[in-house]
Amino acid sequence: GIVDHDTVDRSNLQRQILHADARVGMDKIESARQSIAALNPAVEVAGHAERLASDNVERIFDGYDVVVDGSDNFATRYLVNDACVKLGLPNVHGAVFRFDGQASVFWPGGPDGGPCYRCLYPEPPPPEQAPSCAEAGVIGVLPGLIGTLQALETLKILLGKGRTLNGRLLCVDGLGAEFRELRVRRDPACPYCGA
């Protein structure tokens, strides 16, 4: 399933590889469906061409085993987190900013009983400290790297193999070509996943 209410925009093509210049203006859901079908026509794509909101998130997430969050704003990240905690779904997180990125798995109900997104970031930063990709920019290959890490985490969860990033935040410094891992503990006082 893919959730996206937007259309293909030329300015995003360097980082949104499911789309192509010939599809500028097309609904992203349909463009993604065409790209995925070209790779493997047996894959069924369920499109949700709507903005994720508090009144539709549970309906949209119903029936899925994992949520992969590549959203580009804090409001959606918190919404995804809260719904995943409520529904007991693993939240495979990825975020990018200029030359930096991060990936993690937030899954308080999972086998490792890890934290949720709010345990790491209880509140969003002020808008002036968190400009959007359009305002701050992002190097085009970084979303691909973070997305690949998210895909790996998703497969490990679905296959029940390996050690996921649940309870760990993998930080990528693209300019220094460095990876750093931070432990993230569950906050017992967290209003969403705490006791």
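The values are calculated or read from the model by the stated rules, or taken from the named source; none is laboratory data. Values in this document were obtained by computation on a predicted structure and should not be read as measured data. Cβ coordinates were reconstructed from backbone atoms using ideal geometry, including for glycine residues, and neighbour counts include every protein chain displayed. Calculation scope for accessible area: heavy atoms of the full protein, side chains included, ligands and nucleic acids excluded. Shrake-Rupley method; radii C 1.70, N 1.55, O 1.52, S 1.80 Å.
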Within region 9-28, which residues are closer than 19 Å to V141 by Cβ and over 17 Å from the mean Cα position of the chain (by Cα)? D9, R10, S11, L13, Q14, H19, A20, D21
In region 36-73, the residues that are in a helix (DSSP H, G or I), open to solvent by 30 Å² or more (accessible area, probe 1.4 Å) and under 28 Å from P111 (Cβ atoms): E58, R59
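This table checks each residue for (1) over 22 Å from R180 (Cα atoms); (2) touching a residue at least 24 places away in the same chain (Cβ under 8 Å); (3) of a type in the set (A, V, I, L, M, F, W, C).
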| position | (1), (2), (3) |
| --- | --- |
| H48 | yes, yes, no |
| N73 | yes, yes, no |
| D100 | no, yes, no |
| P115 | no, yes, no |
| R118 | no, yes, no |
| P122 | no, yes, no |
| E128 | yes, no, no |
If we keep just the residues of region 12-27 that are within 23 Å of R98 (Cα to Cα) and touching a residue at least 12 places away in the same chain (Cβ under 8 Å), which is most open to solvent (accessible area, probe 1.4 Å)? I17
Anything in region 102-120 that is under 15 Å from T76 (Cα atoms) and touching a Lys or Arg at 6+ places or on another chain (Cβ under 8 Å)? List them, or say none. C116, Y117
